[in-house]
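Let me give you the structure first, and then I'll get to my questions.
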Amino acid sequence: MPLHLPPSVKNWTSLAGVVIALISLFMIVFLFAVTVFFDAHAAYLGLVVYILLPSVMIAGLILIPVGMLLKIRREHREGRAPEPGWPKVDLNNPGHRNAALIFFVGTSLLLFASAIGSYEAFHFTESTAFCGTLCHSVMEPEHVAHKTSAHARVACVACHVGPGADWYVRSKLSGMYQVYAVLTDVYPRPIPTPIENLRPARTVCEQCHWPEKFYAYTYRAETHFLPDEENTRWDIGLTLRVGAPHAAIGFEEGIHWHINPQVKIEYVALDEKRQQIAEVRYTNLESGEVKIYTNPALTSEAGEMRTMDCIDCHNRPSHRYLPPNRFVDNAMANGSIPADLPWIKAATVPLCEQEFASREEAEEVLREGVLNFYRQEHPEILEQRMADVQKAIAGFLAAFNENIFPYMKARWSAYPEHIGHLVFNGCFRCHMEGFATEEGEPIRSGCDDCHLISSQGTPGSMEYAPMGESLDFRHPEDIGEAWKEMLCADCHKGLLP
């Protein structure tokens, strides 16, 4: 039996809409099946399946009534049809009946498919692949760093958006400008931090890390190599006083005391990156006691008071860019750079100080830099151990590409880290000489306030401290008492001292 439809459907515009809609629907179903049965989750495939093709299909569906309306108006102008008015549906008319059936069945199927598609589109736009790889060149530094962080299995939106519809809407509205910035190439390089207009850090972080879960001391071991001929290994073991000696004691002491619910710590920073702290205010929320610590060398008139939260210390929780001195140490410790290759630490780290225009340029300069070091300084090593030199170069470039991104100008020096005090002042922004109340009470700044040195030295001649005690720090290189007279970051800039 022939399919009867209204005469107005028979026009090229409506026909084109039908063809576009059907082809788009077929492609959506096909690509959706690919993602389900072949476990394909590429960012661009999700963009096509859940956003691009549905938009094309909807545009095709809109063309159908538009073409019908244009034909009716054209026939009216030519005197071949009455004045168009409200549509009249006569189900006794086979054409109307078939059109109505197609409309209601098609609409039901479209709504059902749209519900599934909207759900999938929502999850796709919330995925790490969407955030990290869709704008590959822009977000590559953050995405690469995230994959090697402790939060690698935590989706970007869990921290950058958090739960709730209101913050979801805010993030999508701000994302509209980000899309514009990428399309017009007006985004900053590197992307500035701290990021503004995010929900409070404790609201997000404490979905997993809540203050009531008290942490006791924790042990941290680090391996360093000196820039000498033997790449002398120096190990140090730190007992970090994260909390009290026993978790049951709570927040009475330790590093995490700063987020004790019974106290409030506020500070005034004079710069956007919060490196210069001019004033610290302590408030005991139970007793009402207030202490204000100021640094006479700085003034707080230009700063704004901020309540301390997780991000003030853990400001790079998922996107850390290690300094060259550290990522070369790690590569030597895991064997990707042969630690027994003479002078390799001195040959690699200084090369990272210069900036490059692209990754390709960086790799070429770094490769030639290492080879030239051995050609000029130690040609006998290059002749005898060329295979190890090539392996070291490969390991060095791999570590470099995980931590320095020339195109976005993302590197350790662009993103000061507030944990510790070796490369950046970190803890010493507040815990340093000069901060005191009007009565002369200083902010505590002793080494043992945050960590105990449990062990230190070269393998085979290690020093060990008794349980609960600390060794006196011994600098790996003999610099006398100089390390006591300056901040660590005054000398250590992430490169060789």
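Where a number appears in this text, it was derived from the coordinates with a stated rule and is not lab data. Here the structure is a predicted model, which means the values were calculated and not measured. Here the Cβ positions follow ideal geometry from the backbone for every residue, glycine too, while neighbour counts run over all protein chains shown.
Output the 0 to 90 degree angle, nearest 10, between the alpha-carbon long axis of helix 53-77 and the longest principal axis computed from the alpha carbons of the chain.
Roughly 30 degrees, rounded to the nearest 10.
So, one more: Can you give the FRET efficiency to the nearest 0.05 for Leu240 and Val105, using r as the Cβ-Cβ distance and R₀ = 60 Å?
In this case the efficiency is close to 0.35.
Rounded to whole Å and sorted largest first, list the principal axis extents of the Cα atoms in the range 324-414.
The Cα atoms of the range 324-414 stretch 38, 25, 17 Å along their principal axes.
Something else: From Cα pairs below 8 angstrom and at least 6 apart in sequence, can you work out the relative contact order of the range 324-414, rounded to a whole percent?
That works out to 40 percent.
Let me ask you something else. Determine, from the Cβ-Cβ distance of Arg74 and Arg359 and an R0 of 60 Å, the FRET efficiency 1/(1 + (r/R0)^6), rounded to the nearest 0.05.
0.55
How about Lys291: which aspartates and glutamates have a C-alpha closer than 13 Å to its C-alpha, ignoring those fewer than 8 places off in the same chain?
Partners found: Glu266, Glu279, Glu438, Glu439, Glu441.
Quickly work out the Val290-to-Leu226 label distance, labels modelled 7 Å from Cα along the C-beta direction, and quote it in nm with one decimal.
Label-label distance for Leu226 and Val290, simple model: 5.2 nm.
Let me ask something additional. Over its Cα atoms, what ratio of radius of gyration to 2.2 N^0.38 Å does the range 345-386 give?
For the range 345-386, the normalised Cα radius of gyration comes out at 1.23.
In nm, give the distance between the simple-model label positions of His314 and Arg367, each being 7 Å from the Cα along the Cα-to-Cβ direction.
In this crude spin-label approximation the distance works out to 4.0 nm.
Continuing with this model, one more query. Take the Cβ-Cβ distance between Asp478 and Val169 as r, set R0 to 51 Å, and report the resulting FRET efficiency rounded to the nearest 0.05.
With a Förster radius of 51 Å, E is 0.30.
So what's the angle, to the nearest 10 degrees on a 0 to 90 scale, between helix 12-37 and the longest Cα principal axis of the chain?
Tilt relative to the chain: about 40 degrees.
As a check on your grasp of the helix formula, calculate [θ] at 222 nm for the chain: sum -39500 (n - 2.57) over DSSP H runs of n ≥ 4, divide by the residue count, round to the nearest 500.
Computed ellipticity for the chain at 222 nm equals -13000 deg cm²/dmol.
A further question follows. Does anyone have the angle between helix 165-184 and the longest principal axis of the chain? Alpha-carbon axes, 0 to 90°, nearest 10?
So the inclination is approximately 90 degrees.
Under 17 Å from the 7 Å Cα→Cβ point of Ile249, by amide nitrogen: which residues of the range 459-478?
Counting backbone N atoms under 17 Å from the label point, the list is 467-470.
Between Tyr215 and Asn93, what is the label-to-label distance in nm when each label sits 7 Å out along the Cα-to-Cβ direction?
Inter-label distance under the simple model: 7.4 nm.
Order the peptides 483-496, 312-325 from the highest to the lowest mean number of other Cβ atoms within 10 Å of their residues.
312-325, 483-496
State whether the range 238-294 is rounded, prolate or oblate according to the following rule on the C-alpha gyration tensor (a ≥ b ≥ c being the square roots of its eigenvalues): a/c under 1.5 gives rounded; otherwise a/b larger than b/c gives prolate, and the remaining case gives oblate.
Verdict is oblate for the range 238-294.
Using a Cα-Cα cut-off of under 25 Å, which lysines could be cross-linked to Lys409, ignoring same-chain neighbours fewer than 8 residues away?
Lys147, Lys273, Lys345, Lys493
Using a 10 Å cut-off around each Cβ, can you sort Ser8, Ser358 from fewest to most neighbouring Cβ atoms?
Final ranking by Cβ density, sparse to dense: Ser358, Ser8.
Stretched out fully, how many nm does the piece from Glu433 to Arg189 gain, at 0.36 nm a residue minus the Cα gap?
That works out to 84.3 nm of additional length.
How much length, in nm to one decimal, is gained on full extension between Gln390 and Tyr464, taken as 0.36 nm per residue of separation minus their Cα-Cα distance?
Value of the extension gain: 22.9 nm.
Could you derive backbone 3J(HN,Hα) for the range 138-146 from the dihedral phi with the Karplus parameters 6.51, -1.76 and 1.60 (θ = phi - 60°), listing whole Hz in sequence and x where the residue is Gly or Pro?
Residue by residue, the range 138-146 yields 6, 9, 4, x, 5, 5, 5, 5, 5 Hz.
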